[in-house]
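What follows is one structure encoded as structure tokens, with my remarks underneath.
The values are calculated or read from the model by the stated rules, or taken from the named source; none is laboratory data. Just so we're clear, the structure is a prediction, and the values are computed from it rather than from any experiment. Quick reminder, even Gly has a Cβ in these numbers, built from the backbone with ideal geometry, and neighbours come from all protein chains shown.
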Amino acid sequence: MTGMDSNSEAEFGALRALSARIGADPALVQAAGGNTSLKIGDTLWIKASGTWLMNAMRDEIMVPVSLPPLLKAVTDIDPSAERAEVYTIAEQNPRGLRPSIETTVHALMPQRVVVHVHCVETIAVAAQANARALLAERLHGMDWVFIPYCRPGLPLARAIAELRRADTDILILGNHGLVVAADTVEAAEKLLRRVSGLLARPPRQAPPPDIAALMRLAGTDYRLPLEAGAHAAGTDLTSCRIAAKGTLYPDHVIFLGEGSAVAGPDEQADDVAARARRDGKPLPTSIIFPGKGVLMRRDANAGAEALALCLADVTARIDAQAALHYLSAEDADQLINWDAEKYRQELTRRMGSTLR
């Protein structure tokens, strides 16, 4: 890349390779979620908003951002920090891509390499009311900080600035995910693997879906999910109860809508859709049928498919008796009506069914 010496070019290549690896692992990254970055001098190279990490080796998905003015904007609580595209280096961004909505988080971490993932093992812990106690037990001896949920972007960056310590290299984001930071790509990957491994717990084994029943219930507007694992959110009744109570993490709102639509004992997909219309709600992107499995709306895109699987993966790792912190209606509204998220949703819609 322009202006890089050979060492920086090698590290940049290593970051792209790591990005592709973690982007292809649905236990770490789903759809356009997650982001990675590398600081080279006063430039922050970060994943572009709405792009998929799994494509990092075949597409130019990294965007250069001028670091000093962006950091000043964060310090000054300048609203422009929410629009990191203002600080991109135009001559090195020919496609005009926007930087990740998490650019301010990456800028605040002093380490050269920052990796943010929506690790299902982390979310399953970070959504629990006693997350700090669980983390203290599992990450004993490591330099981590827990950040209670706040909207991604500038609010999250300000919370991190207030809570992190000088040497902090692990951030657990409440109801959101994991951030690790190091001075080399290799060290960042090792830290990522270590933390996700320490937080890992075996998922409950879910019964198989009742495909015949789901096909009878689908009607004309719904179909089976592309990922068979998504059915576990319905066939495992504990997971079903957890999902029915609300939204556990931001990308669920972005790609599936607020909360989860759960069918009643005698309801078909058409009945659930009609109920949503009566309540003034959007047509559900996915519907959970307790004991049977899950159906997806026929026009559900690749992002929705990925997040339907994520719901099953996260809820399967939460104990039935766990006390949980769900996102509020206000939290969901902030995400749905945030311009940065509307942009990311639009890019996913443009992808259509390319991953099917």
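Details
- Per the conditions (1) buried (at least 22 other Cβ atoms within 10 Å of the Cβ); (2) among the aliphatic types (A, V, I, L, M); (3) part of a loop (DSSP other than H, G, I, E, B), the sole criterion not satisfied by Ile77 is (1).
- A single entry from Ala322, Ala306, Ala332 fulfils the requirement of being on the phi < 0 side of the Ramachandran plot, surrounded by fewer than 22 Cβ atoms within 10 Å (Cβ to Cβ) and modelled with pLDDT of 95 or more: Ala322.
Residue-wise test of (1) surrounded by fewer than 20 Cβ atoms within 10 Å (Cβ to Cβ); (2) modelled with pLDDT under 95; (3) in contact with a Ser or Thr (Cβ under 9 Å, 6 or more places away or on another chain).
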position	(1), (2), (3)
His106	no, no, yes
Met109	no, no, yes
His116	no, no, yes
Ala127	no, no, no
Asn130	yes, no, no
Glu137	yes, no, no
His140	yes, no, no
Val145	yes, no, yes
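- Residue match in region 176-194 (condition: surrounded by fewer than 21 Cβ atoms within 10 Å (Cβ to Cβ), over 20 Å from Ala27 (Cα atoms), touching a strand residue (DSSP E or B) at 6+ places or on another chain (Cβ under 6 Å) and among the hydroxyl-bearing types (Ser, Thr, Tyr)): no
- Here Ser239 meets each of (1) under 20 Å from the mean Cα position of the chain (by Cα); (2) within 30 Å of Thr168 (Cβ to Cβ) with one exception, condition (2).
- For the condition modelled with pLDDT of 95 or more, part of a helix (DSSP H, G or I) and farther than 27 Å from Gly153 by Cβ, Gly229 qualifies.
- Of the residues making up region 68-94, those that are more than 24 Å from the chain's Cα centre (by Cα) and under 20 Å from Glu9 (Cα atoms) are Ile89, Ala90, Glu91, Gln92, Asn93, Pro94.
- Some residue of region 283-294 being within 19 Å of Asp25 (Cα to Cα), in contact with a strand residue (DSSP E or B) (Cβ under 7 Å, 6 or more places away or on another chain) and outside the structural domain of Pro148 (by TED's automatic domain parsing): no
- Taking the criterion of being touching a Lys or Arg at 6+ places or on another chain (Cβ under 8 Å) and either in a loop (DSSP other than H, G, I, E, B) or under 19 Å from Leu171 (Cβ atoms) (or both), the only residue of region 80-98 that qualifies is Ala84.
- Set side by side, the residues Val63, Val105 differ, and just one is assigned by TED's automatic domain parsing to the domain that holds Gly34, closer than 27 Å to Leu192 by Cβ and outside any helix (DSSP H, G or I), which is Val63.
- Some residue of region 49-57 being part of a loop (DSSP other than H, G, I, E, B) and surrounded by fewer than 16 Cβ atoms within 10 Å (Cβ to Cβ): yes
- Region 189-247 - residue that is in contact with a Gly (Cβ under 6 Å, 6 or more places away or on another chain) and of a type in the set (S, T, N, Q) and, of those, farthest from Ala323 (Cα to Cα): Thr235
- For region 235-321, the helices (runs of 4 or more DSSP H) that sit wholly inside it and include 1 or more residues that are under 21 Å from Tyr149 (Cα atoms) are 237-244, 250-256, 302-315.
- Scope region 33-75; condition in contact with a Leu (Cβ under 7 Å, 6 or more places away or on another chain), small (Gly, Ala, Ser) and at pLDDT below 95; matching residues: Gly50
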